[in-house]
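Just so you know, all these numbers are worked out from the coordinates, no wet-lab data involved. A quick note: this is a predicted structure, and the numbers were derived from the prediction, not measured. Every residue, glycine as well, gets a Cβ built from its backbone with ideal geometry; the counts of neighbours run over all protein chains shown.
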Amino acid sequence: MMKDIVKLGLVLAAFAAAACVGLAFVNLATEAQIAVNAEKQLNESLSGLFSEAERFEDLSAELKSPDDGVKFEAAYLALRAGAPLGLAVKASGQSYGGPTTVLVGVGLDRKIVGVRVLDGKDTPGLGANAMNPTFFVDKSKKTTFPGQFAGKALSDPFEVKNDVIAITASTITSKAITKMIKVAADAGAVRLEASAQATQAPATGGM
């Protein structure tokens, strides 16, 4: 009897161990796929913001957020023929339903080239409409929430319900994302201007 109980215990332990190993492999595969999808989404978004760029230089280590509530996850300088076209900043912060990640492109004219909401945890049908390409804050112009920032000057107020149209019944989300966009765009513009000046500076030294 005791031998049978021990045998059964060993069998159950073996099944449990096998299940744990299998689950670990599934988790690894899932995480790898998520990373691949995120990288693809980022590359497509960068190309969408700066379609004329020939390459993107990673400046992530050089750009730091001046606001504790907004984290800069990455930054990319868009280049064509060695000259800067613009700069994209991947930023994240807390929205109503949790963390939200945006990609903000800024141009040499200190205007926003475009915004992509890459990820968010807000309420479906409300704050999550920031990621919905068919939800329009301006139905007459078919303008999405992030779409309204394209061409917006950094000198604008960036105030929800003033110069920024809020997502219906989602003022907190609208304000949180607007803040991320403004902080990222301002910092990106400063770094972009430095890159442009360095490119235009005449060479010194020599005969």
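Side notes on the structure shown:
- Cβ-derived FRET efficiency at R0 45 Å, Asp163 paired with Glu39, nearest 0.05: 0.85
- Using θ = phi - 60° in the Karplus curve 6.51 cos²θ - 1.76 cosθ + 1.60, the 3J(HN,Hα) couplings for segment 98-106 round to x, x, 10, 10, 10, 10, 10, x, 10 Hz; x is entered for Gly and Pro.
- Neighbour counts of other Cβ atoms within 10 Å put Lys121, Lys111 in the fewest-to-most order Lys121, Lys111.
- Residues whose placed amide H lies under 5 Å from that of Lys152, excluding near-sequence neighbours: Ile112
- Asp122 long-range amide H proximity, modeled H, under 5 Å: Gly97
- Asp119 versus Gln197: modelled label distance in nm, points set 7 Å from Cα along the beta carbon direction: 3.5 nm
- Fraction of antiparallel bridges per DSSP, segment 99-207 only, in percent to nearest 5: 90 percent
- Stretching the chain fully between Glu73 and Phe135 yields a gain of 19.6 nm (0.36 nm per residue, less the alpha carbon separation).
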